[in-house]
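Engineer: Sending over a structure as C-alpha cells; questions will come in a sec.
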Amino acid sequence: MSKKYVYLFKEGDASMKNLLGGKGANLAEMTNLGLTVPQGFIVSTEACTKYYDDGKKLSEEVVGQILEAMKTTEKAVGKTFGDPVNPFLVSVRSGARASMPGMMDTILNLGLNDIAVEGIAKKSGNTRFAYDSYRRFIQMFSDVVMGIEKHLFEHALEAAKEAKGVKLDTDLSAEDLKALVATYKEIYKKEKGEAFPQDAKIQLLESVTAVFRSWDNPRAIVYRRMNDIPGNWGTAVNVQAMVFGNMGDDCGTGVAFTRDPSTGEKRLYGEYLMNAQGEDVVAGIRTPQPISHLEKTMPEAYAQFVKNAKLLEDHYKDMQDMEFTIEGGKLYMLQTRNGKRTAPAALKIAVDLVEEGKLTKEEAIMKVEPRQLDTLLHPQFVPSALKAAKPIAKGLPASPGAAAGKIYFTADEATAAAASGQKVILVRMETSPEDIEGMYASKGILTVRGGMTSHAAVVARGMGTCCVAGCGELKVSAANKTMITEDGKVFHEGDKISLDGSTGNVYDGGIETQEAKLTGDFAKVMEWADGIRRMKVRTNADTPHDAAAAVEFGAEGIGLCRTEHMFFAEDRIAAMREMIVSKTKKQREKALAKLLPMQREDFKGIYKAMKGFPVTIRFLDPPLHEFLPQEEEDIIALAKEMAMPVEELKGIIASLHEFNPMMGHRGCRLAVTYPEITVMQTRAVIEAAYETRKETGLDIVPEIMIPLVGELKEFVFVKKTVVETAEKVMKEKGETFKYLVGTMIEIPRAAITADEIATEAEFFSFGTNDLTQMTFGFSRDDAGKFLEDYYANKIYESDPFAKLDQDGVGKLVKMAAELGRKSRPDIKLGICGEHGGEPSSVEFCNKVGLHYVSCSPFRVPIARLAAAQAVVKQK
C-alpha cells in the first residue's frame with residue numbers, strides 16, 4: 001500500500017498538526033466542529049520532505065494523490081476545475097507546524113484562465129469581479145510561482161489608475177480590468193518567453209511546488225532561526241475552495257482575534273474590508289474598518305462570527321486569530337490559530353484563562369513564550385521628557401513600547417546601520433516579508449499603510465518591537481530617502497525620531513527612555529512558574545548593582561562572577577599591570593596586596609546584594625596581555641610608574657603576546673605559573689564572607705570556581721593553594737565556615753574525564769561559551785563572518801553560541817554530568833554560559849538533570865519560565 005501524502009479536511013483533526021501543519025490541522029478541526037469552512041485538502045509536511053528527497057520536484061505519487069483529492073473536492077462543491085461554465089477556483093497556502101505569518105507563499109484565485117474568467121463573469125453576473133480576480137491571480141502566480149518581479153505589475157496597475165484619474169483599484173471598471181489583464185499577460189510573456197498557462201492542473205502543481213520551495217526562501221530561514229523552528233519540519237500546503245469577498249458590496253473579508261493581542265483585554269478585536277480579498281487586509285494596501293462596525297453593516301454575519309469566535313476559543317482554550325470571508329452575505333471561516341500577542345497580553349490572557357476556569361496553571365504557563373518576557377523589560381519614555389514633546393504624526397498603536405533612533409528607509413540600510421551600532425527606526429510605506437532582517441535589527445518600525453493586523457504589526461508584536469502602523473498623514477519616499485509630515489517638515493535618512501507603540505504617536509528627535517516596570521500579571525505567572533520548575537535560576541553578575549537587579553528579577557544566586565572584570569576599573573588597572581610586569585614573586589605579591597582590599601569589598605557588596613543566595617566566583621581567567629597597555633603614551637606612563645625602561649616594558653608586552661590567546665596562558669594555567677594570584681583571590685573571597693557574616697548574619701557559603709581545567713592534576717594543584725589559604729584565613733579569624741571548590745567544565749577533555757575531576761571538585765559549572773568554541777573549533781568572535789553561509793546552505797540552522805548544540809556540545813554536557821554524579825553523587829551541577837537564558841537550552845539542562853542555569857540578569861525571567869515549561873513538557 002502506497003504512503004498517504006494528501007488528506008481531505010474531513011480526514012484530519014487537531015492532533016495531526018505535525019503531519020498536516022498548524023493551518024491544515026485547524027481547518028480539519030473546524031470542519032469537524034461543523035463550522036462553515038470552504039472545503040479542500042492538505043498536502044502533508046511529509047510530502048514537503050519527499051519533495052526535497054526527490055531533487056526538489058513533486059513525485060508522481062504525490063502528484064497522483066493531489067489530482068485524486070481535487071476530483072473528490074470538486075464533487076463535494078459541485079464545481080469543476082478549469083470548467084468554462086461552472087469553474088472551481090482554489091487558494092493554495094502554506095501551513096507549517098509553527099505559525100510563520102507572511103514568511104511563505106500564497107496564491108489565490110487559482111484555476112482562472114481566459115475561458116474560466118468568462119464562466120465566472122456569467123455565473124456571478126459580475127464581469128468586473130471576474131476580471132479583478134483574474135488580474136490578482138496573474139500577478140500572484142507570476143510573482144510567487146514564476147519569480148517575475150512584482151513591481152512590473154504594480155506599475156501597470158498604477159498607470160491604469162492614473163489614466164482613469166482614480167485612487168483606488170475598486171474604482172476601475174470591468175473594461176479597465178480587462179485591459180489590465182491583457183497588459184499583465186503581455187508582461188508575463190515578455191518575462192518568461194511563453195504565454196500565461198491556461199491549464200488549471202499545471203497552475204495547481206506549479207503552485208504547490210512553489211509553496212514547498214518557499215520553505216527555504218531567505219526570509220523563512222531567518223524567521224525559523226529567530227523562532228527556533230527546525231528546518232527539517234517542512235511545510236504543508238492547503239488547497240481550499242475559493243470564496244469571494246470581492247464580488248460586491250455584500251461581500252468582504254477580515255482578520256480578527258478573540259482578545260486584544262496588544263493588551264489581552266477580553267473583547268473581539270480585528271478589522272475587515274468590504275468588497276476585498278484577504279490579502280488586501282494583511283498587506284496593508286487599503287485601510288480597513290474595525291470588526292465592531294460589521295454589526296451595523298451585516299448583523300447576521302456578525303452574530304454568526306461572534307458565535308464562532310466563542311466556540312473556537314472555548315475549544316482551543318486560547319486566544320484565536322481567525323480569518324473569514326463573507327460571500328453574498330454568507331460567512332465562511334478560512335482559518336483559526338492561536339494568536340500572536342505581546343508579552344503583556346500573553347500574561348493577561350494566561351491569568352484570565354486560569355481565573356475563567358479554562359486552563360490549569362501548568363497549561364497557562366505554556367501559553368507564554370519565554371523569549372517574549374524580554375519585551376517587558378524594554379524601555380518606555382520618561383514621562384517628564386514626553387511632556388515636552390509634541391507628536392508630528394499619529395498612526396495606529398500596533399505594538400507597544402517606546403523607541404528612539406535614526407530613520408532608515410530600506411531593510412538593508414537598517415540592518416547595516418544597526419550592525420554599526422546605531423539605534424534604528426525602519427520607515428516604510430508598508431513592510432513585506434522580505435523586510436524581516438531589517439525589522440529584526442530595528443528598535444522601532446513605522447509604516448504609512450496597513451492596519452493592526454498588517455504584516456508590520458503582526459511581526460513586530462511577535463518580536464516585541466515597538467511599531468506604529470497606518471500613519472497615512474506622512475509622505476514617505478524610499479527612493480529619495482525622505483519622510484514629509486503634513487505641515488511640510490522633511491526628514492532625511494539618519495534624522496532622529498521617536499515612536500510610541502502604545503499610543504501611535506510619532507515624535508521629532510530622540511526622547512529619553514526608562515526601564516519598564518513589571519506588572520501584576522507578570523508576577524503572578526512567575527509565581528506559578530516558580531512553583532512548577534525544578535531547576536534553580538542564577539545570574540551572571542560581576543557588580544553589586546547587577547546582582548541586585550538580578551534578585552529583583554527572581555535570581556536565586558550567582559552562577560558566574562567574573563573577577564577579571566573587576567581589575568579593568570580605572571583605580572585598579574595600574575596595580576594589575578604592576579603585578580604582571582613584576583620580575584619576582586615578592587614584587588607580584590606587593591602589587592596584589594594593593595588589589596586585595598578592593599577585591600574583598602567587591603565580594604562583600606555582591607554577597608550583600610545576593611542576600612544569602614549562593615555566589616560562584618570564578619578566579620582570574622583571561623590571558624595577562626589583555627590588561628597591558630597597547631598605546632605608546634600608556635606604555636611610557638606605565639614604564640615611568642614602574643621605574644622601568646620603556647624598551648624593557650615593550651619587551652615584556654611582546655613576550656606575553658599569544659598567537660591564539662583563547663587557548664593559551666589563561667585560566668588555571670595562570671594559577672599554576674603564579675599561585676600568588678590564587679592566594680590573593682582566595683583571601684579576598686574568604687575574608688569578604690567572614691566580614692559579611694559578621695555584619696549581616698547572612699549564612700554565606702562561597703563557591704570558588706577554578707576555570708579552564710582539563711586535567712585532574714591541574715585542579716588538585718590549584719585547589720591545594722585555595723584550601724591552604726582559606727584554612728589560614730579562617731584560623732586568623734577564629735571562625736570556620738563552609739565553602740566549596742569546583743571547576744568550570746569548558747574544555748572537551750574535562751567533560752570526558754569528569755569522573756576523575758569529580759573526585760576533587762565539589763561542583764561543575766558548564767561554561768558552554770568556551771565549550772562550544774573548543775568543540776566546534778572556531779572562534780565565537782569570528783564565526784559571524786561565515787555562519788550566514790552555513791545557514792543559507794542548511795549546514796547549521798542556528799548560531800551554536802546562541803542556542804546550545806545538543807547533538808555535540810550537549811552530549812559532552814550530558815556525559816560530564818553523568819560521570820560527575822558517578823564519582824560524587826551529591827555534586828552540584830549548573831550551566832553559566834549564555835545558553836543559560838535560551839529556552840530550548842534550558843529545557844535540555846532540565847532533561848540532563850542540572851541543578852541550576854545561570855544567565856544575564858535581564859534573562860532571568862525567561863529562564864524561570866523556560867525551566868517551568870521544561871518540567872511540564874517532560875511530564
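The values are calculated or read from the model by the stated rules, or taken from the named source; none is laboratory data. Bear in mind the structure is a predicted one, so any value in this text is a computation, not a measurement. So basically every Cβ, Gly included, is an ideal-geometry build from the backbone, and we count neighbours across all protein chains shown. Heads up: the accessible areas ignore ligands, DNA and RNA and are worked out on the full protein's heavy atoms, side chains in. Shrake-Rupley method; radii C 1.70, N 1.55, O 1.52, S 1.80 Å.
Engineer: Could you give me the residue pairs with C-beta distances under 6 Å whose first residue belongs to region 379-397 and is among the aliphatic types (A, V, I, L, M), whose second residue is open to solvent by 30 Å² or more (accessible area, probe 1.4 Å) wherever it lies, and which are 6+ apart or on separate chains?
Structural biologist: Short answer, once both residue conditions are applied: 382/512; 382/514; 385/512; 392/508; 393/473.
Engineer: From the list 132, 54, 83, exactly one residue is at pLDDT below 95 and under 33 Å from the mean Cα position of the chain (by Cα). Which is it?
Structural biologist: 54
Engineer: Look at region 525-552 and say how many of its residues are of a type in the set (Asp, Glu) and in a loop (DSSP other than H, G, I, E, B).
Structural biologist: Of the residues in region 525-552, 1 are of a type in the set (Asp, Glu) and in a loop (DSSP other than H, G, I, E, B).
Engineer: Filter region 113-136 down to the residues that are in contact (Cβ under 8 Å) with a residue 60 or more places away in the chain, touching a Pro at 6+ places or on another chain (Cβ under 6 Å) and part of a helix (DSSP H, G or I) and list them by number.
Structural biologist: Answer for region 113-136, where residues must be in contact (Cβ under 8 Å) with a residue 60 or more places away in the chain, touching a Pro at 6+ places or on another chain (Cβ under 6 Å) and part of a helix (DSSP H, G or I): just 116.
Engineer: Something else: So residue 122 clears everything in (1) of a type in the set (Lys, Arg); (2) under 21 Å from residue 21 (Cα atoms); (3) surrounded by fewer than 21 Cβ atoms within 10 Å (Cβ to Cβ) except one condition, right? Which one?
Structural biologist: So the condition that residue 122 fails would be (2).
Engineer: List every residue pair whose Cβ atoms lie under 9 Å apart, where the two residues are 6 or more positions apart in sequence or sit on different chains, the first residue falls within region 42-65 and is touching a residue at least 60 places away in the same chain (Cβ under 8 Å), and the second residue, located anywhere, is of a type in the set (S, T, N, Q) and assigned to a helix (DSSP H, G or I).
Structural biologist: 43/65; 45/18; 47/65; 49/232; 51/209; 56/209; 57/209; 58/209
Engineer: Filter region 625-648 for residues that are in a loop (DSSP other than H, G, I, E, B) and open to solvent by less than 90 Å² (accessible area, probe 1.4 Å); which is modelled with the highest pLDDT?
Structural biologist: So, considering only residues that are in a loop (DSSP other than H, G, I, E, B) and open to solvent by less than 90 Å² (accessible area, probe 1.4 Å), the one modelled with the highest pLDDT is 645.
Engineer: Further, regarding this structure: Residues in region 308-318: is at least one in contact with a helix residue (DSSP H, G or I) (Cβ under 8 Å, 6 or more places away or on another chain), at pLDDT 95 or above, under 30 Å from residue 514 (Cα atoms) and open to solvent by 30 Å² or more (accessible area, probe 1.4 Å)?
Structural biologist: Checked region 308-318: no residue is in contact with a helix residue (DSSP H, G or I) (Cβ under 8 Å, 6 or more places away or on another chain), at pLDDT 95 or above, under 30 Å from residue 514 (Cα atoms) and open to solvent by 30 Å² or more (accessible area, probe 1.4 Å).
Engineer: Being aliphatic (A, V, I, L, M) and under 14 Å from residue 616 (Cα atoms) is the filter here, so list the residues in region 521-564 that pass it.
Structural biologist: 537, 541, 547, 555, 558, 560
Engineer: To continue, here is another question. Could you tell me how many of the residues in region 561-581 are open to solvent by 30 Å² or more (accessible area, probe 1.4 Å), within 22 Å of residue 705 (Cα to Cα) and part of a helix (DSSP H, G or I)?
Structural biologist: Residues flagged as open to solvent by 30 Å² or more (accessible area, probe 1.4 Å), within 22 Å of residue 705 (Cα to Cα) and part of a helix (DSSP H, G or I) within region 561-581 amount to 1.
Engineer: Step by step: first the residues of region 843-852, then only those that are in a helix (DSSP H, G or I) and either closer than 19 Å to residue 746 by Cβ or among the hydroxyl-bearing types (Ser, Thr, Tyr) (or both), then the one that is least open to solvent (accessible area, probe 1.4 Å). Which residue is that?
Structural biologist: Applying the filter and picking the extreme gives 845.
Engineer: What is the residue count in region 472-524 for residues that are among the acidic types (Asp, Glu) and part of a loop (DSSP other than H, G, I, E, B)?
Structural biologist: Residues meeting the conditions: 6.
Engineer: Please enumerate the residues belonging to region 560-580 that are more than 18 Å from residue 684 (Cα to Cα) and touching a strand residue (DSSP E or B) at 6+ places or on another chain (Cβ under 7 Å).
Structural biologist: none
Engineer: From the list 791, 739, which one is hydroxyl-bearing (Ser, Thr, Tyr), modelled with pLDDT of 95 or more and buried (at least 18 other Cβ atoms within 10 Å of the Cβ)?
Structural biologist: 739
This table checks each residue for (1) open to solvent by 10 Å² or more (accessible area, probe 1.4 Å); (2) without any contact (Cβ under 8 Å) to a residue 40 or more places away in the chain.
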| residue | (1), (2) |
| --- | --- |
| 71 | yes, yes |
| 74 | yes, yes |
| 83 | yes, yes |
| 88 | no, no |
| 93 | yes, no |
| 101 | yes, no |
| 108 | no, no |
| 111 | no, no |
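Engineer: Within the group 689, 792, which residue is touching a Pro at 6+ places or on another chain (Cβ under 7 Å) and over 24 Å from residue 666 (Cβ atoms)?
Structural biologist: Just one listed residue meets the conditions, 689.
Engineer: When region 607-624 is examined, which residues are found to be among the hydrophobic types (A, V, I, L, M, F, W, C) and modelled with pLDDT under 85?
Structural biologist: Result: 624, single match.
Engineer: Sticking with this one: Please go through region 626-656 and pick out each residue that is polar (S, T, N, Q) and more than 16 Å from residue 573 (Cα to Cα).
Structural biologist: 655 - this is the single residue of region 626-656 that is polar (S, T, N, Q) and more than 16 Å from residue 573 (Cα to Cα).
Engineer: Need pairs with beta-carbon distance below 6 Å; first residue among the charged types (D, E, K, R) and within region 208-220, second in a helix (DSSP H, G or I); sequence gap 6+ or separate chains.
Structural biologist: Between residues of region 208-220 that are among the charged types (D, E, K, R) and residues that are in a helix (DSSP H, G or I), the close pairs are 219/433; 219/434; 219/436.
Engineer: Now, a different point. Looking at 678, 692, 725 in this structure, which one is polar (S, T, N, Q), closer than 27 Å to residue 774 by Cα, buried (at least 19 other Cβ atoms within 10 Å of the Cβ) and at pLDDT 95 or above?
Structural biologist: Residue meeting the stated conditions: 678.
Engineer: Here is a follow-up. Being free of Cβ contacts under 8 Å to residues at least 60 places away in the same chain and of a type in the set (Asp, Glu) is the filter here, so list the residues in region 398-434 that pass it.
Structural biologist: Listed by number, the list holds a single entry, 412.
Engineer: For residue 794, are the conditions met, namely being part of a helix (DSSP H, G or I) and either out of contact with any Lys or Arg (no Cβ under 9 Å at 6 or more places or on another chain) or of a type in the set (Val, Ile, Thr) (or both)?
Structural biologist: Taking the combined requirement at face value, the residue does not satisfy it.
Engineer: Residue 603 passes all but one of (1) open to solvent by less than 30 Å² (accessible area, probe 1.4 Å); (2) within 30 Å of residue 523 (Cβ to Cβ); which number fails?
Structural biologist: It fails just one condition, (2).
Engineer: State which residue is farthest from residue 526 (Cα to Cα) when the search covers only region 545-578 and only residues that are in contact (Cβ under 8 Å) with a residue 60 or more places away in the chain and over 39 Å from the mean Cα position of the chain (by Cα).
Structural biologist: In this case the residue turns out to be 578.
Engineer: Among the candidates 96, 69, which residue alone is small (Gly, Ala, Ser) and either farther than 27 Å from residue 219 by Cα or modelled with pLDDT under 90 (or both)?
Structural biologist: None of the other options fit; the residue is 69.
Engineer: Filter region 366-391 down to the residues that are open to solvent by less than 70 Å² (accessible area, probe 1.4 Å), outside any strand (DSSP E or B) and within 18 Å of residue 403 (Cβ to Cβ) and list them by number.
Structural biologist: Residues satisfying the conditions are 372, 374, 375, 376, 377, 378, 382, 385, 386, 389.
Engineer: If you take the residues of region 813-837 that are assigned to a loop (DSSP other than H, G, I, E, B) and open to solvent by 10 Å² or more (accessible area, probe 1.4 Å), which of them is nearest to residue 745 (Cα to Cα)?
Structural biologist: 824
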